[in-house]
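Report on one structure; see the data block that follows.
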Amino acid sequence: MIAPLPRLLHLRFACLLGITLFSGGCASLDPHLDDLGPVYKPVNARGPAAWPTAIRRVAILPAHDTSGRLPASFVTSYDTIWRRTLDRSQRAEFLGLNRPQLRAWTAKETFSASGLLPPDLLLRIGRETDAQAVLFLDLNNATAYPPLSLSFRARLVDVTTGETLWMADELFDSGRDSTARAARRYAKANGSGKGDTTSSIVQSPTRFAEYAFQAVCELLPPRIDPNAKSN
């Protein structure tokens, strides 16, 4: 027969067992359980109710660092991500202009969405690319280390009139719970299934930019078929 444990030893055993069970229970919880909470939804955009039917091709200017503090290689890394995200929007045919092209034409590699432009720049881009509009991208701020943040302005301009057709100005800060939550939801919906994509998106500038650009591209006016019959 096994002798009963002394009362004090029995209490210590029970406490240790309780701590073990509690720790194991916490470890088994979903670390992103807070992802069920509210998410950040960008809304700072203005433009028409529908994508202009006359805009069939858009020339994309390289990203412009408005702060003047970002490393050149860091700024250029956003060009491909932005172009890829725009292509997925299927609003138009997007044609990326590279920095050597602009330098050959204007002696400058980038232009700000809110700065002064050479008098004939838009018309020349229209002639050279057969685009009806130009899309600017200003990087106002971007961080390479967590907590990641990305602040940018996008502006769509008619090459003939210089009129602003659409504009968005947003700040995505992963230090805010709602933004980090939105980024992780994006990663969960669009991840490759390799590695911890939901956590890495708030640690990778590239993945975080993918989320931020996609969130803003969803604010582009919808493309409506003019031949579609209304109910």
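A few points about this structure:
- Packing-based exposure ordering (other Cβ within 10 Å, fewest first) of S114, S73: S73, S114
- For L95, the residues 5 or more places off, or on other chains, whose built amide H falls under 5 Å of its own are V58, A59, I60.
- Distance between the pseudo-spin-label points of A72 and W105 (7 Å out from Cα toward the beta carbon): 2.0 nm.
- Relative packing of peptides 92-100, 132-140 - highest average C-beta neighbours within 10 Å first: 132-140, 92-100
- Part-to-part distance (alpha-carbon centres) for region 128-156 and region 53-97, which is given in Å: 7 Å
- Cα shape, region 31-127, gyration tensor, a/c 1.5 rule: oblate
- Overall form of region 34-217 per C-alpha gyration tensor (a/c, 1.5; a/b vs b/c): prolate
- In order through region 124-131: 3J(HN,Hα) via Karplus (6.51 cos²θ - 1.76 cosθ + 1.60), integer Hz, x for Gly, Pro: 5, 4, x, 5, 6, 10, 6, 8
- Annotation: the residues V202, V43, sorted from fewest to most other C-beta atoms within 10 Å of their own C-beta, follow the order V43, V202.
Where a number appears in this text, it was derived from the coordinates with a stated rule and is not lab data. Computed from a predicted structure; not experimentally measured. Backbone-built Cβ (ideal geometry, glycine too); neighbour counts: all protein chains shown.
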